[in-house]
1. Would you point out which residue out of 252, 261 is outside any loop (DSSP other than H, G, I, E, B), in contact with a His (Cβ under 6 Å, 6 or more places away or on another chain) and modelled with pLDDT of 95 or more?
2. Can you tell me which of (1) in contact (Cβ under 8 Å) with a residue 24 or more places away in the chain; (2) within 17 Å of residue 58 (Cα to Cα); (3) hydrophobic (A, V, I, L, M, F, W, C) is the one residue 98 doesn't meet?
3. Give just the number: which of (1) surrounded by fewer than 18 Cβ atoms within 10 Å (Cβ to Cβ); (2) at pLDDT 95 or above does residue 275 not satisfy?
4. Collect the residues in the range 97-128 that are part of a helix (DSSP H, G or I), buried (at least 19 other Cβ atoms within 10 Å of the Cβ) and either of a type outside the set (S, T, N, Q) or touching a Gly at 6+ places or on another chain (Cβ under 6 Å) (or both), keeping them in residue-number order.
5. Could you check residue 120 against (1) free of Cβ contacts under 8 Å to residues at least 24 places away in the same chain; (2) under 17 Å from residue 229 (Cα atoms) and say which number it fails?
6. Being surrounded by fewer than 22 Cβ atoms within 10 Å (Cβ to Cβ), small (Gly, Ala, Ser), modelled with pLDDT of 95 or more and farther than 27 Å from residue 130 by Cβ narrows it down to one residue among 212, 220; which is it?
7. Does residue 71 qualify as being touching a helix residue (DSSP H, G or I) at 6+ places or on another chain (Cβ under 7 Å), without any contact (Cβ under 8 Å) to a residue 40 or more places away in the chain and among the aliphatic types (A, V, I, L, M)?
8. Cβ-Cβ distance below 6 Å, separation of 6 or more or different chains: which pairs start in the range 184-209 with a residue that is closer than 16 Å to residue 136 by Cβ and in contact (Cβ under 8 Å) with a residue 40 or more places away in the chain and end on one that is assigned to a loop (DSSP other than H, G, I, E, B) and among the charged types (D, E, K, R)?
Amino acid sequence: MNIFDEPKIDCHNHLFDPARFPYHPDAPYAPSGQEIATLEQFSEVMDTYGVRQALLVGPNSGYHTDNRCLLHALAVGQGRFRGIAVVERDIPIDRLAALKEQGVVGVAFNPALYGIEHMDTAEANFGKLAELGMFAQIQVCEDQLLHLHGLLERNPVRVLVDHCGRPDVSAGVQQAGFQALLKLARSGRASVKLSGMQKFAAAEDLHGQSYAYVHALINAFGPDACVWGSDWPFIRQRSRVDYGPLLKLAERLMPDPHLRRKIMWDTPRRLFGFA
């Protein structure tokens, strides 16, 4: 059985459907053209490549704190999807609980896009997420995680780190930010997405430049705290990215089919409550 036939859950992807769900006026970027990504299009991609379920990530681009497109997909997906939402900094806990009832398992925080200052008011939401057993999904880049050490240490929230922590590949696995991510594994409440290699590695050498980071994460977190994601539909990319080659990349990075099944199926089913 090859990777296209194996059961898989894609744990990082986005929907953009401005015809049905107009973009938020405060969104930092408005995807267009080939970046448009409807539920119907993504469902077809999933069916083509044998992806059975998906964790949909509400994007800052396009929708900001408007989660209608995400919630629509969760409602009509009949259990095929779980979601990560983008919310206001002062969202009441009852609204978070209502999102959880609709299939949202966590909230996205994005200092990689907005800067580390974006996390200054995150603590109140961390407490609410911890109380509800939800995830704080965090996208950092380079050494940003160093500045979040105290915040993550004093809050018992479940943490989900995007895109391998988006390291600086020129600095090696010993760089301080990546080492901080590896140490986060010791908390026992953190997980990491083996995703977004195209965000930090060169398009012509995704395997060569991401291999050391992916395997350091698998060794530190273990397959019970690692999941895989595509980042479909690949917005703001400078060169073309296709879904199939990313699956083949995952197969090369994880040639053991038992390890792949754990990371791409068993672990996300357990973490995110897929039936």
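The values are calculated or read from the model by the stated rules, or taken from the named source; none is laboratory data. From a predicted model like this one, the values you see are computed outputs, not experimental measurements. FYI the Cβ positions are ideal-geometry reconstructions off the backbone, even for glycines, and counts take in every protein chain you see.
1. After applying the criteria, what remains is 252.
2. (1)
3. Residue 275 satisfies all of (1) surrounded by fewer than 18 Cβ atoms within 10 Å (Cβ to Cβ); (2) at pLDDT 95 or above except (2).
4. Residues of the range 97-128 that are part of a helix (DSSP H, G or I), as a first pass: 97-101, 111-114, 116-119, 123-128.
The next check asks that each one be buried (at least 19 other Cβ atoms within 10 Å of the Cβ); those that pass are 99, 111-112, 119, 125-126, 128.
Correct list: 99, 111, 112, 119, 126, 128.
5. Failing condition for residue 120: (2).
6. Result: 212 is the single residue among 212, 220 that is surrounded by fewer than 22 Cβ atoms within 10 Å (Cβ to Cβ), small (Gly, Ala, Ser), modelled with pLDDT of 95 or more and farther than 27 Å from residue 130 by Cβ.
7. Values: touching a helix residue (DSSP H, G or I) at 6+ places or on another chain (Cβ under 7 Å): no; without any contact (Cβ under 8 Å) to a residue 40 or more places away in the chain: yes; among the aliphatic types (A, V, I, L, M): yes.
In short, no.
8. Close Cβ pairs (under 6 Å, with a partner that is assigned to a loop (DSSP other than H, G, I, E, B) and among the charged types (D, E, K, R)) amount to 193/162.
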